[in-house]
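Here, each number is a calculation from the coordinates, and none is a lab measurement. For clarity, every value in this text was computed on a predicted model and none was experimentally measured. FYI the Cβ positions are ideal-geometry reconstructions off the backbone, even for glycines, and counts take in every protein chain you see.
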């Protein structure tokens, strides 16, 4: 979804206690995010990191509150004002990366448009599975693209500052 106020939305699939829903998030031009739950009205939410797993969030309806969050894969546990909530959150970027094809062969592609912020490896560099190779900013969030295998960087197809489209090739790692 494109919009004059914030660009492309990312829609997360959420399941909390068997209640399934969708949460759409896009950058707000004045900072923070525009958040919509199950197609409802967008709310402007601001926030920032307080610690390794603690954030502050604020919106007009609820004011400022502290949220503790633990993420393990697609499982999320949160503590908000003394109330625990847990469930699953499916990030469409992760799903797209898994279904784009080529991940097992070492191909890194971005599932959404953005701008390359950093390239942390060059052709010929040895890399380990999980090592960050390219960082792409989309919706004011940095997305790290990691090597899916141990190997050697065979190709880096981008450079810092370059705009990329969805499904753009970022890098190729060959198994060693």
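Per-structure values
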{"item": "Residues of the range 123-153 with amide N under 14 Å of a point placed 7 Å along Cα→Cβ from residue 159", "result": "123"}
{"item": "Over the chain, relative contact order from alpha-carbon pairs under 8 Å, at least 6 apart, %", "result": "16"}
{"item": "Segment residue 68-residue 167, extension gain: residue separation times 0.36 nm, minus the distance between their alpha carbons", "result": "32.3 nm"}
{"item": "Estimated FRET transfer efficiency when R0 is 30 angstrom, pair residue 146-residue 23 (beta carbons, to 0.05)", "result": "0.75"}
{"item": "Where labels lie 7 Å past Cα in the beta-carbon direction, separation of residue 13 and residue 176 in nm", "result": "3.7"}
{"item": "Sequence-separation-based contact order of the range 10-90, relative, with Cα cut under 8 Å and 6+ spacing, percent", "result": "22"}
{"item": "Sum of -39500 (n - 2.57) over DSSP H runs of 4+, divided by residues of the chain (222 nm, nearest 500)", "result": "-1000 deg cm²/dmol"}
{"item": "Residue 129 versus residue 55: modelled label distance in nm, points set 7 Å from Cα along the beta carbon direction", "result": "2.9"}
{"item": "Listed peptides 36-42, 129-135 by packing density, highest first (mean Cβ within 10 Å)", "result": "129-135, 36-42"}
{"item": "Inter-label distance, nm, simple model (7 Å from Cα along the C-beta direction), residue 118/residue 37", "result": "3.4"}
